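These notes concern the structure reproduced below.
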Amino acid sequence: PIENVVGQAYTKKFVDFLLWMSFYYASEPGSILRLTFFEEIIALLKGKKKIKKASKLLSNRILSDRIGEKNFFDSLSVNQETVARLIEAINKRKYKAFVLHSPNMAYEMKMVLEVCNALYEPTSNYKNSAATNYNGTALFILPEIRDVEAMYNLIKDKINDRVVMLHSNMKSSELFASIEKIINGDARVVVGTRFAVFAPIKKLDIVIMLQESSWLYKAEEAPRYHARECALM
């Protein structure tokens with residue numbers, strides 16, 4: 001019966017993923033389900049409307065001190081061959097895991113921006129990219145909220161309201177609005193902290209996890225899942 005309800009929002013593959021988590025982390029399925037924005041999804045399935053329009057998130061937020069102003073990224077270059085390989089993998093629609101060397105966080109964020117450019121704003125650099133007919137969703141996971149907010153603003157400049165954010169400091173109305181966009185298929189990019197791995201994305205094409213060695217990806221409370229392992233699965 002529970003699967004019949006959440007099946008309206010979750011794909012079968014996503015339900016299978018949750019059952020794998022229940023087995024792998026020796027947790028009750030209900031404990032796993034509570035991680036997956038379950039309250040917001042049930043409210044949406046019941047036809048609940050937002051009480052008020054979610055505020056414009058972080059429109060003038062200053063980027064993290066270690067990253068600097070937005071124009072900093074204009075002078076930063078990344079390996080274009082690596083970006084092309086990622087786009088090629090999306091085109092082939094065959095699962096592949098990459099571990100990419102990165103000198104620092106700023107480089108990783110620039111890499112994410114380049115992937116967004118290739119997918120949503122095709123240029124001469126990516127004539128054979130997935131961008132021409134791309135209608136999937138990309139998931140970018142970062143360890144800290146301040147980096148999520150910075151990444152969100154950088155991407156929002158490029159694809160406007162097709163990007164949503166997920167982290168624990170968001171207001172309930174903002175979180176509800178993000179989940180609604182994801183379920184309705186209006187979100188092309190989801191940016192969040194570790195629990196964004198449970199976003200009910202129906203056509204997930206790529207997951208990029210920045211700073212994948214960070215201890216912040218390991219949940220301290222039960223079920224003690226590791227977001228990196230979940231992202232791989």
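The values are calculated or read from the model by the stated rules, or taken from the named source; none is laboratory data. Here the structure is a predicted model, which means the values were calculated and not measured. Positions of Cβ are backbone-derived with ideal geometry, glycine not excepted, and every protein chain shown enters the neighbour counts. In case anyone asks, the SASA skips ligands and DNA or RNA and just uses the protein heavy atoms, side chains included. Shrake-Rupley method; radii C 1.70, N 1.55, O 1.52, S 1.80 Å.
Scan region 200-233 for residues that are open to solvent by 50 Å² or more (accessible area, probe 1.4 Å) and of a type in the set (G, A, S) and the total you get is 2. Within region 178-226, the set of residues being acidic (D, E) and assigned to a helix (DSSP H, G or I) comprises E180 only.
With respect to S168, determine if the residue is in contact with a Gly (Cβ under 9 Å, 6 or more places away or on another chain) and either surrounded by 16 or more Cβ atoms within 10 Å (Cβ to Cβ) or part of a loop (DSSP other than H, G, I, E, B) (or both). So S168 fails the test. Every condition in (1) within 25 Å of L44 (Cα to Cα); (2) surrounded by 21 or more Cβ atoms within 10 Å (Cβ to Cβ); (3) aliphatic (A, V, I, L, M) is met by M151 except one, and the failing one is (1). In region 181-199, the condition of being open to solvent by 10 Å² or more (accessible area, probe 1.4 Å), of a type in the set (D, E, K, R) and under 22 Å from F98 (Cβ atoms) is met by at least one residue.
Does K158 fit the bill of being open to solvent by 20 Å² or more (accessible area, probe 1.4 Å), part of a loop (DSSP other than H, G, I, E, B) and not polar (S, T, N, Q)? Criteria not met by K158. Checked against (1) polar (S, T, N, Q); (2) surrounded by 18 or more Cβ atoms within 10 Å (Cβ to Cβ); (3) in contact with a Lys or Arg (Cβ under 6 Å, 6 or more places away or on another chain), T36 passes all but a single condition, namely (3).
Can you tell me which residue in region 85-97 is most open to solvent (accessible area, probe 1.4 Å), limited to those that are in contact with a helix residue (DSSP H, G or I) (Cβ under 7 Å, 6 or more places away or on another chain) and over 18 Å from N135 (Cα atoms)? Across region 85-97, the extreme among qualifying residues is K96.
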